[in-house]
Each structure stands twice: as structure tokens, then as C-alpha cells.
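As C-alpha cells, the structure follows; a few thoughts come after it.
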Amino acid sequence: MIKSSKVKQDKERKGYKFRLIVPNSEIERQLTKIVGSCRFVWNKALALVKQDDEDYRTVVQMSKMNAGDAEGISTFFKFNPYNQLSALLTKWKQHPETAFLKDAYSKSLQIVLEELGQAVSEAKSKTNPKRYPVFKKRGVKDSFSWNGTVKHDIENSRIFVPKIGYIRYHKSRDVLGVIKNVTISKQAGHWYVSLQTERPLSQVNPEWVNANRAIGIDVGIVKAVSSSDAISFEYQGKQISSNQLDSINPLREHQAKLAKLQKNLARKTKFSSNWNKQKVKISKLHSKIANIRNDFVHKVTTAISKSYAYVTVEALKIPNMSKSAKGTANKHGKMVKQKSGFNKSILDQGWGMFRQFLVYKLKYNYGTELIEVNPQYTSQKCSCCGHIHADNRKNQASFRCVKCGLSMNADLNASLNIKAAGLAVLACGVDGMPSIQNATLKQEPTELASSWVSNVGILAL
Ligand SMILES: [Zn+2]
């Protein structure tokens, strides 16, 4: 038994390096300019420090020749390069000849001076002196850094470079933790971004598997998201609980507007100025809709990952979804059709996002993996007695078990089954959902289960 107070809260530091996608020669020119400004500041400051050292040595020498005392002189010359040079930096920026330094993020220039100060004091160390810093050459270790507030667009793999803007990078792995420090560098003709992150070490508590830290999520047509346990979150100033999710349509008004704009566009002459204007309006609305969707999915996944360390969803649900959206709309008339419009758009692009956000939020908060289970029968199985029958599902919205009589919302029943399957995976590595193939082919249960479990990859508990 591990008491929650004893769960480790140590910080983990990690470095990531990705290739930057420099979009055009103008951005390339701006990056090169910032690198140049940093090199300029380093070399100019180093020259001053060296001059100061030389003056110091000269005065000490003269003082000795005159049989004086060198002690008092040392405090007069030996300056702290960082403090005094950063004051000089402000002056350089004001000077017309070096005013170009204003185009670089001042934090990056300050870091250059900090590093120089550090290098000089290490070189002067009496116990373990290091090599004296040298002048920087163009093309050798070209780089600049910043820290403090770092803007990182994790979903789109973009980093905000101060004074330039967002630049995308080739993401080869997930970035976990809070970014403390960023370095942009150029090596062999390519630009790279290095991210130094910090995050609390895994906070998973084994007791949570049995406690209420597990949840099953069903992604549906009528209701975008259903959960086995109530979640609640703030959305547009209102507190929303998971059982209200079906009445929320953050995109309704905008989608109606979009349909109208697209109708108008069709009436205009192609490539006319009015047609172009309409095109711009439409693309602006598209990005607005994308932002709303992004925000909504963020709110829901944050609410889930705040309270639950073990989240189970159905694997590979997307292809099924689009099919059943059509079928459902045809069968159940207008209401479903209207709703499925919104949910389809949330799901079309939102489901992948939903999954992706959950994966990294769980990893970040607890070090757990999102659990995926076999979607077979989650909607037909009774969450109470386990009886599986197509007749259990009276219609899209309600579930009534023909064996035990359990009656409840169909989405809730499905999400309870998903949760149970997830807990089974946690307990023994099998998702607990029976399968026709399993029965007819008489496979060993573990063999079949392993195909799902391989998708799950749970961390050792
Ligand atoms: Zn039942």
C-alpha cells in the first residue's frame, strides 16, 4: 500500500531536439540576423572583458614596480561582467551603429551576457580554472536561446520565436512537461529547435485503479461524448456536467452561417472580386470554427484528465462512426440528422484531437497511457448482468436488458461497459469483451486479447 502523501513529486528534466521547418528565405534571414546579433554581443562584450583584464594586470604590475599594494586595485577592476555589460547593452541598442540589436529578443541577448559572465568566472576559478572564452565565428555553433514564458503550440508542433512568430518543427516524439528553455541553432545548413522541459515525475498511485480514478468514454453520434462517471467543466462561463453534453452545440450558429456563406458563394461569378471577398469570409469562419472545436475538446479532455488517471475509450472507432452516422440519420429522422451534423464535424476532426489531447494530458499528469478496448458489443452488452443481445438496444437513446430488465440511457450503458473493459485490461491485460471470432475459432482468449493489449501499452503498476 502506498499512501498518496508518499507519491513522488520530484521533477524530471528532459531535452528535445527537432528540425525546424523554415518556411521561406525571409524567416531564414531573420533567424540568421538574430544569431548574428547574439554573436556580435558576445564578441563585443568579450573584447571589453579582455581589455579590462589587461588593464588590471598592467596596473598591478606598475603598482608592484612601485612597491605598492595591489590588493585595493583588484576590487576596482574585477567587475561582474553580467551586471555591468547588461547596462552597456542598453546603450548599444540606442547607438545608431548598433541599433540593429533592437531586432533581437532582449532576453536572448541577456542570456549571451549571462553565459559570458559564467564562462569568464569559470576561467578565473582558482581551484578548477576552465578555458578562457574565445571569440565566436560565423557558422560555428550558431545559436540563440530564450527562457521564461515560452509559447508552444503543442497540437500543431509550432514554437513561437520572439520577434519572428510561430515556426513549425518536425515532431518526432511527444514533448512532455513545461518548457523552461529554448535554443534555436543552425548545424550543417539546417535549423533546429532544442526544448528543455521540466515536469513532475509520475504521480500514479496504485490505489487509484480500485478507487474512482478510472472512467470509460463513449464517443457517439447523438451525444459527442458520454462518460461512465460524471465530469463537469466550465464552458463559456457556465458549469456544464457530462449529462448535459448532448444539448451543447458550440458550432451550431457558426455552421448555419457557414452554410449561408457557401450558398452565396455559389451564386457569385468565379474569381470576381465579390467571389474573392466571399472566399476570405469563408476561410475566416472556417478557422473560427476550428478554434471553437479546439477549445471545446481541450475543456472536455482537461476535465477528464484532471480527475481520472485511467481513461478507456474504444479502439478504432472512426470508420464505424461515419457509417452509422448515415444509417442513424436515415432511420431516425430529422432530429438525429440535425444533431449528427454537429457531432459529425466534432468527430471528423475532433475525435483524433480528443484522443491525442487525452494521450498527452494523461501522460503528463500521471504517466498513464490511454486505454483502448475492443468496441465490439459495448452498445449491446448489459452493463449490469453482462447479457449481450441486439434487442437490448431498443433505439439510439435507450437501453433495456431483455434478461435482467436494466433500463438506462444507451450511451451511459456503453460507457460503463467501456470502463469495465478498461478495468479488466488494468487488472489482467484482457479487455473482457467476448468476441464471435474467439468463440468460433476456439482461440485461446489471451491470444485474441493480446491484439488489443498491444495497442494499450499500460505502464507497469
Ligand atoms: Zn442485464
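What follows draws every value from the coordinates through simple rules; no lab data is involved. A quick note: this is a predicted structure, and the numbers were derived from the prediction, not measured. Here Cβ is always computed from backbone atoms with ideal geometry, including for glycine, and neighbour counts include all displayed protein chains.
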Which order results if Ser232, Ser125, Ser305 are arranged by neighbouring Cβ count within 10 Å, fewest first? Ser125, Ser232, Ser305
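Report the gain in length on full extension from Lys14 to Ala266: 0.36 nm times residue separation, minus Cα-Cα distance, nm rounded to one decimal. Can you show the working numbers first?
Numbers: separation 252, 0.36 × 252 = 90.72 nm, distance 5.22 nm.
Value of the extension gain: 85.5 nm.
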Qualifying trypsin sites (Lys or Arg not before Pro) in the stretch 376-413, DSSP loop, other Cβ atoms within 10 Å at most 12: Lys394
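Fewest to most neighbouring Cβ within 10 Å: what's the order for Tyr377, Tyr366?
Going from least to most buried by this count: Tyr377, Tyr366.
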Return the FRET efficiency for the residue pair Lys126, Asn147: r is the Cβ-Cβ distance, R0 is 22 Å, and the value is rounded to the nearest 0.05. 0.15
In nm, spacing of pseudo-spin labels at Asp55 and Ser106 (7 Å Cα→C-beta vector): 2.5
